[in-house]
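What follows draws every value from the coordinates through simple rules; no lab data is involved. On a predicted model such as this, the values are computed, not experimentally measured, just so you know. Every residue, glycine among them, receives a Cβ derived from its backbone with ideal geometry; neighbour counts consider all protein chains shown.
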Amino acid sequence: MNRIPVIIFLGVPGAGKGTQALRLSNEKGIPRISTGDMLRQAVQDDSPLGRMVQAIMKDGRLVDDETMLKLVQDRILRPDCRNGFILDGYPRNMQQAGQFERILQPHMDVRVVKIEVAEEDIVKRIAGRRTCPKCERIYNIYFHPPGKDELCDADQTPLFRRDDDLEDVVRRRIETYQRETRPLIDYYGSKQVLQLVNGSQNSNLVADQILRAVDLN
Ligand code: AMP
C-alpha cells in the first residue's frame, strides 16, 4: 500500500503556520486541517461545540483533549484526506500527540515542520494579521497587505481580525504554546521526523524550504 503524508505544522502563534499550510495544501492538493478554523466556525454557527469552546478560545487556553481528538478523528476520515493531509494546530500538547498516534494508520507517514521566527517579530505578525472569512486567505497589513484597503484580493470580502489576536490574549497564547506545545519539538525530534524551517525570511523562500523539507512529489 502506498504511504500517505501526514504533515504537522508546529510553531509559536504568528509564525506563519496557517499561511504556509494553505500554500502547501494548494500546491499539493491535499487538505489543510486547521483545528482553530474548525472551532471558530463552530462558534460562528453557535453550535453546541461552539458554545462550549467560545470562552476558552477567547482566553487563549486550550480546548480539552477528548473534544479535539473527536474533531480530528471525524475530519481525517473524510474522503478528501485519503491521499494525505496537513494539520495546522493539532496536536497541541503531549497528550494529544499520544492520542493522535493511536488513531494513525500504518500507511500514514508523519512529517513535522517547525517554523521558527524571532520573538520580536511575533507581536507584529499577530497584530497585523487579517483573514478573509470567505476563502480563508491570510494577510498581514505590514508584511503582506491586500491590494485595496482591508478587502480580500480574491473576492473583495472585508477582512477580519481574530478575537484572540488582541495583545493580552496573544501573550497568553504564547505562554500556552511554551508550556504545552513546545515539548512536542523534542518529542518529534527524537523520532527523527522533525524539520526546522526559518520563518523569518520572505514567504516564498519559506514555502520553498517547506516543500523540500516535506519531500512530497
Ligand atoms: P489557532 O487558530 O490554531 O491558533 O487556534 C485558536 C484557538 O483554538 C486556540 O487558542 C485554542 O483555544 C483552540 N485550539 C485550536 N486547536 C487546538 C487544539 N489542538 N487543542 C486545544 N485547543 C485548540
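With the charge dipole of the chain set up from +1 on Lys and Arg Cβ and -1 on Asp and Glu Cβ about the Cα centre, the Cα lying farthest toward the positive end among the listed residues Val110, Cys152, Gln201 is that of Val110.
For segment 46-87, the residues whose amide N sits under 18 Å from a probe point set 7 Å from the Cα of Arg3 along the beta carbon direction are 82-87. Along segment 203-211 the Karplus relation, 6.51 cos²θ - 1.76 cosθ + 1.60 evaluated at θ = phi - 60°, assigns HN-Hα couplings of 4, 5, 5, 4, 4, 4, 5, 5, 4 Hz to successive residues, with x for each Gly and Pro.
With a cap of 15 neighbouring Cβ atoms within 10 Å, and only residues DSSP puts in a loop, list the trypsin sites (Lys or Arg not before Pro) found in segment 75-118. Don't jump to the answer; show the numbers that get you there.
Numbers: sites: Arg75, Arg82, Arg92, Arg102, Arg111, Lys114; in loops: Arg82, Arg92.
Answer by residue number: Arg82.
Karplus-derived 3J(HN,Hα) values for segment 47-64, using 6.51 cos²θ - 1.76 cosθ + 1.60 with θ = phi - 60°, are 7, x, 4, x, 5, 6, 9, 3, 5, 4, 5, 4, 8, x, 9, 9, 6, 5 Hz; glycine and proline are entered as x. When the chain is treated as a Gaussian network with alpha carbon springs shorter than 10 Å, the biggest mean-square fluctuation among Asp88, Asp165, Asp153 belongs to Asp153.
What percent does the relative contact order of the chain come to when contacts are Cα pairs within less than 8 Å and at least six residues apart?
Values: 314 pairs, mean separation 66.1, N = 217.
Answer for the chain is 30 percent.
Restricted to Cα atoms, segment 6-84 shows a radius of gyration and a Dmax of 13.4, 35 angstrom. Rounded to the nearest whole Hz, the Karplus-based 3J(HN,Hα) values (6.51 cos²θ - 1.76 cosθ + 1.60, θ = phi - 60°) of segment 146-156 follow the sequence x, x, 10, 6, 10, 10, 5, 4, 7, 9, 6, with x at glycine and proline.
Under a 5 Å amide H cut-off, with hydrogens placed 1.01 Å from N, Met108 pairs with Ile4 among residues at least 5 apart or on other chains.
Take the Cα pairs of segment 1-141, get the Kirkwood Rh, then feed it into Stokes-Einstein at 37 °C and 0.692 mPa s and tell me D in µm²/s. Mind dumping the intermediate values first?
Numbers: Rh = 16.0 Å.
Estimated via Stokes-Einstein, D reaches 205 µm²/s.
In the chain, the calculated helix contribution to ellipticity at 222 nm averages -13000 deg cm²/dmol per residue, counting -39,500 (n - 2.57) for every DSSP H run with n ≥ 4.
Per residue, the convex hull spanned by the Cα atoms of segment 83-135 measures out at 137 cubic angstrom. Partnerless cysteines in the chain, where a partner means another cysteine C-beta under 4.7 angstrom, comprise Cys81, Cys135. Between amide H atoms placed 1.01 Å from N, distances below 5 Å from Cys152 occur with Thr157, Leu159, all of them 5 or more places distant or on a separate chain.
Here segment 4-207 carries DSSP beta bridges of which approximately 25% are antiparallel, counting only pairs with both residues inside.
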